[in-house]
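Input: a single structure, listed below in structure tokens.
The values are calculated or read from the model by the stated rules, or taken from the named source; none is laboratory data. Nothing here was measured: the structure is a model prediction, and the numbers come from that model. Methodologically, a virtual Cβ is constructed for each residue, glycine included, from the backbone with ideal geometry; neighbour enumeration extends over all protein chains shown.
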């Protein structure tokens, strides 16, 4: 039964996102074909400008539409009239939240993958792509001469963990704001106000964290870079990871509380 819940959620999300993915990849392919006819004519310059504009607008639309669909699915499925049917299923609010969160995070990660794929298509066979990959190879070789592969892998894993935790935390902040907003007469207005407040708290805590990090003793950080233990970069990454994890956990429990104790369906 739980597999059906995830299957239906993924189907609903990707049914809406698939046309956007196809549109972006097609624009990248069209842009690459246009570059094959490169010349100095005015008509060509106009064509390149228009195709580039449509491409970057499509990238922005991909992320905006993706987040709107993820948030809208949560709201309509759990906090409107559909909620009566949703909560009649043999699943707790916690399982519904986790399902929405995992599926929403999958869409967000896939959005980044599709954008990277479109960039590879757009730059296929060009000097730009060769320069980018060449720079990455040189950067890796230089880093390998300075640090061990284990330390490089550790930094890479921390960056990946930070990105994933940030994705989950960002989605959960939307969920928490929507859940809090349902307690107000104007649910949409309440959700917007709650999101602004949560975002303000988030920004304040991040600013405080930055001040603490920049206030750390530079000699201590340099020593960590030079010895065989953790690098200074790894130390710096631990703090934002922990902050995002703490905030995401708080947003999750806030959302679960309102869906469990203060559910207010239309």
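At-a-glance table
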{"item": "Out of 84, 75, 35, sole residue that is within 28 Å of residue 166 (Cα to Cα) and assigned by TED's automatic domain parsing to the domain that holds residue 119", "result": "75"}
{"item": "Search result, residues across region 30-87 that are touching a helix residue (DSSP H, G or I) at 6+ places or on another chain (Cβ under 8 Å), outside any helix (DSSP H, G or I) and surrounded by 12 or more Cβ atoms within 10 Å (Cβ to Cβ)", "result": "87"}
{"item": "Meets criteria (in a helix (DSSP H, G or I), within 30 Å of residue 38 (Cα to Cα), assigned by TED's automatic domain parsing to the domain that holds residue 4 and modelled with pLDDT of 90 or more) for residue 105", "result": "no"}
{"item": "All positions within region 7-34 that are more than 20 Å from the chain's Cα centre (by Cα) and under 22 Å from residue 91 (Cβ atoms)", "result": "7, 8"}
{"item": "Pair list, Cβ under 6 Å, 6 or more apart: region 45-56 residue outside the structural domain of residue 29 (by TED's automatic domain parsing), other residue at pLDDT below 85 and assigned to a helix (DSSP H, G or I)", "result": "none"}
{"item": "So residue 22, is it surrounded by 13 or more Cβ atoms within 10 Å (Cβ to Cβ), at pLDDT 90 or above and at negative phi", "result": "no"}
